[in-house]
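**Q** One structure is given below, represented as structure tokens, and several questions about it will come after.
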Amino acid sequence: MAITFQTQDLALNLRAGFTTASVHEIAVADFNGDGKVDIALAYFLYPLEDRAVPIRVLTGDGAGKFVDSTTALFGDQPPVTVHGRQIVVADFNKDGRGDAFFADHGYDAAPFPGARNALFLSSNAAGLVNATTRLPTLADYSHSAAAGDVDGDGDIDLYVGNYNGGTEEAPYVLLNDGAANFTLSRAGLPADLVAGQYNSPASLLFDADGDGDLDLLLTPNETQTQSARLLKNDGKGNFTALSSFAMPKNGESEAVIDAKAADINGDGKLDLVMTTVVDLFKPGTTQVWINDGHGGFANETAKRLPVQTTEDWYTRTQLVDINGDGYVDLLASNSHKQAVFLNDGAGRFVQLPAGWLNISQYDRLQAADVNGDGRADVIAWRGIWEGAEHITTHLSGDAGVSVSGGAAADALVGDARAETLSGQAGNDGLFGGAGDDTLNGGDGADILVGGAGADRIDGGADVDEARYGGLASEYAIGVTASGWTVSDARANPRDGADTLINVENLVFADKTISLGDATVGLAIASLLRVSAAAGAGGTLTADLTAKITAGALNPSAAIAEVVKAADQTTSVATLSYLFFTGKIPGQAGVDYLVSPTGANANNLNSIYYQCSSILRTATSISPSISARSAKAPPSSRPTTERSRSSTPPRKLTRRSSAGRPPTRRSTFLSTLASTTSPATAGTARTA
């Protein structure tokens, strides 16, 4: 069924003395052990005050509704934060439930006094316990934290990313004994980090180099000229420099305030999504960094994320499979702007129109399966600036097997069933999912992602693109009487076998093939005796198409280039040898091989005509080669037959194409007849 969302809202009571409290962080887990998703909230006061605010824990009913259970769980002693910078959820005491560590940097203005971090643990007897006393009694200035088994002993440890080491508290590691008793240690950290020479607003523990140990990513601060640093773990909690990479600037020094790791492009390595910011009034960016498997990262934001043109910046990102297609999607938010980006299967993100998920008025987003149906739901928090504090749950559900959009840009998202998604007008995004789907783009420039299954994709009007997750060479591209076929030929295919009509561009992980250009490519493929995919994506096709479009080649010169290439291929070169040496078959064989008026419509001269006409057609519609007149693809590929006889050779004579009956034109050109005038027909070429 296609995916839709239903909302359930909870208005939270304002707490006496904390009417200006705002949520800075939201996290989810089963905190009370009932098997249902719960929510933890960390606050700060705005305008800023150096005053602690109690956290909140909302327990879920498993159907999308929540209730504030803070008092019931903690009594009058809940954990508190002055400015809760990050909530790290993990099972610290190994009881199978979620525990929560709260990194608190305290009052974020001079004199920057810091604050004590907080911790709560699950308990079989009490549900939840405020366990802050198990943490060091320090005035931490913690801007980040990360959880993972640092020393390889099977327990979940913590990295605490304090600012300003040396005179203030330096960053440190909390080593867990397995029962959530922590020991502070700086022994395994680099000396410059402990000395306060590197302040990092975000940190992340993940296996960057694929050796099974958790390495440490530290992101740069806006006040210093720094690069992101990656520290390699030796498996015992000793970190040494592995690599560094400079973050792009927007003309000013920027801080990377959030970093998440996941396999974005499906190659089995953990990639990075990071967000940058200067301040509340300067633009930042969301960046995608691809892992080479050895701890090196390349900035591929330009090819994987839509261009960000607004002054807004996202402070938080979450990498989660929103539509259940097996690919990691991106959920991004800040205090006044939110967005959902779906992964097209190749690690490229497509931003969905705002109307797909009504989250524009919310400040914080968190994805989780709230009602246990196996789908990702979205929890959204809305602050007191909208009149009251609200938690709204957007429950993912079934919209039916046939869904249509409207006049505006739509995002229609399917799942594992067979569905029909119709975009109608607007520049739509259609995601089929795992079933045998039908995607109808309608008017507008649409993005069409069939996903797994045998899908039928109709782009409709305008210039549309179908997207695939693998390399172009991993797909078989063919032509039918009415369109194109694209089949995933990988050993473990993820995209299925699709039939396409009215689609101008095929977008693969490594290249884009224009099906307008592929019309030229098919003629070349026929003459060179190669596959349609090789013709459409070949260097010669790309070169000739570019030169024709730019006006650097006229049709005759382009045809000469194709013929020259043809003479270098085995089968056609053999025919050329027979023609030019006089060692040829008899009369009937000659007519079969080269006569444009003979019984064989797909002979050598006919292929020449086809190439000539198609190249001329491509010239006539350049530079808008993807215009509607070129949408219909050719209906078949010609084949060249060879025969021999013992009849003595004769000299070939040059013939004119003027008398060639129109019915002899190959069906290869039938769908292009309306765009090719008789005056552009080529002249028969014989040796």
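**Q** Once R0 is set to 30 Å, what does the formula 1/(1 + (r/R0)^6) return for the Cβ-Cβ distance between ALA454 and ASP321, expressed as a FRET efficiency to the nearest 0.05?
**A** Efficiency for this residue pair is about 0.85.
**Q** Taking only C-alpha pairs under 8 Å that are 6+ residues apart, what is the relative contact order of segment 195-234 in percent?
**A** That works out to 34 percent.
**Q** To continue, here is another question. So, in nm, how far is label LEU471 from label ALA491 when the simple model puts each one 7 Å beyond its Cα toward the Cβ?
**A** So the label points at LEU471 and ALA491 sit 1.4 nm apart.
**Q** Now, a different point. What net charge is computed for the residues neighbouring ALA109, neighbours being all others with C-beta under 12 Å from the C-beta of ALA109, Lys and Arg scored +1, Asp and Glu -1?
**A** The answer is -3.
**Q** For a quick protection proxy, order the peptides 498-504, 146-152, 186-192 by their average other-Cβ count within 10 Å, most packed first.
**A** Taking the mean over residues of other Cβ atoms within 10 Å, the ranking is 498-504, 146-152, 186-192.
**Q** Report the residues of segment 58-83 in range of a label on TYR46: point 7 Å along Cα→C-beta, backbone N strictly under 15 Å from it.
**A** 83
**Q** So which of LYS269/LYS303; LYS232/LYS260; LYS236/LYS269; LYS36/LYS269; LYS232/LYS511; LYS36/LYS232 end up more than 29 Å apart, counting from Cα to Cα?
**A** As for pairs spanning more than 29 Å Cα to Cα, those are LYS36/LYS269; LYS232/LYS511; LYS36/LYS232.
**Q** What ranking do ASP344, ASP95 get, fewest neighbouring Cβ atoms within 10 angstrom at the top?
**A** ASP95, ASP344
**Q** Please sort 467-480, 429-442 by packing, taking for each peptide the average over its residues of neighbouring beta carbons within 10 angstrom, highest first.
**A** Highest-to-lowest ranking by the protection proxy: 429-442, 467-480.
**Q** R0 = 51 Å: FRET efficiency of GLN197 with ASP61, Cβ-based, nearest 0.05?
**A** 0.55
**Q** Just the Cα atoms of segment 82-205, one point each, no solvent: what log10 I(q)/I(0) does Debye give at q = 0.22, 0.23 Å⁻¹?
**A** -1.31, -1.41
**Q** What is the extension gain from ASP177 to ARG15, computed as 0.36 nm multiplied by their sequence separation minus the C-alpha to C-alpha distance, in nm to one decimal?
**A** Residue separation times 0.36 nm, minus the Cα-Cα distance, leaves 54.6 nm.
**Q** To the nearest 0.05, how large is the calculated FRET efficiency for ARG186 and ASP373 if R₀ is 30 Å and r is the Cβ-Cβ distance?
**A** E between ARG186 and ASP373, to the nearest 0.05, is 0.10.
**Q** Once you have the alpha carbon radius of gyration of segment 411-510, what is it after dividing by 2.2 N^0.38 Å, with N set to its residue count?
**A** 0.96
Bear in mind that the values in this text are calculations on the coordinates, not laboratory data. Here the structure is a predicted model, which means the values were calculated and not measured. Don't worry about glycine lacking a Cβ; one is built from the backbone with ideal geometry, like all the others, and counts go over all protein chains shown.
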